[in-house]
Amino acid sequence: MTVLEANDVPFAPIHDLAEVFDDPQVRHLRTFYEQEHPTQGKISAIHRPVLIDGERAERALPAPTLGEHTDAILAELGYDADAIAGLRKASVI
């Protein structure tokens with residue numbers, strides 16, 4: 001870092017996960033927030049990086065759990081309940 005600074009080369013340190021959350025700039029920008037996940041409990045999530053008129057968009061929903069939307073997606077693709085049950089019975093889904 002000393003050599004880069006002495007030669008006016010832009011850089012940023014590489015942090016481990018704990019250091020990222022503790023970084024002064026990350027805290028200042030309120031980059032992360034906590035939200036409740038349906039199965040994982042309280043989790044840390046990251047805000048969208050874009051501000052519009054100085055404001056952030058509403059917080060995103062937590063990531064879906066594995067398989068949470070499988071039936072709905074297969075139904076949209078034309079599978080009926082019996083076909084979905086058959087896929088599940090055959091351990092395809």
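The values are calculated or read from the model by the stated rules, or taken from the named source; none is laboratory data. The model shown is predicted, which means the values in this text are computed figures rather than measured ones. Glycine gets a Cβ as well: all are built from the backbone with ideal geometry, and neighbour counts include every protein chain shown. The protein model used for the area step is the full one, side chains on, heavy atoms only, and it has no ligands, DNA or RNA in it. Shrake-Rupley method; radii C 1.70, N 1.55, O 1.52, S 1.80 Å.
Observations
- If you go through segment 61-93 and keep only what is touching a Leu at 6+ places or on another chain (Cβ under 9 Å) and of a type in the set (A, V, I, L, M), you end up with Leu74, Ala83, Ile84, Leu87, Ile93.
- Selection of segment 41-78 for residues being modelled with pLDDT of 90 or more, open to solvent by 100 Å² or more (accessible area, probe 1.4 Å) and part of a loop (DSSP other than H, G, I, E, B) yields Leu66, Leu77.
- Among the conditions (1) outside any loop (DSSP other than H, G, I, E, B); (2) in contact with a helix residue (DSSP H, G or I) (Cβ under 6 Å, 6 or more places away or on another chain); (3) not β-branched (Val, Ile, Thr), the only one that Leu87 does not satisfy is (2).
- Answer residue from segment 1-14, given it is modelled with pLDDT of 90 or more and outside any helix (DSSP H, G or I) and is farthest from the chain's Cα centre (by Cα) among those: Asn7
- Filter pass, Ile93 being in contact with a Gly (Cβ under 8 Å, 6 or more places away or on another chain) and surrounded by 10 or more Cβ atoms within 10 Å (Cβ to Cβ): yes
- Some residue of segment 6-24 being touching a Lys or Arg at 6+ places or on another chain (Cβ under 6 Å), open to solvent by 80 Å² or more (accessible area, probe 1.4 Å) and without any contact (Cβ under 8 Å) to a residue 12 or more places away in the chain: no
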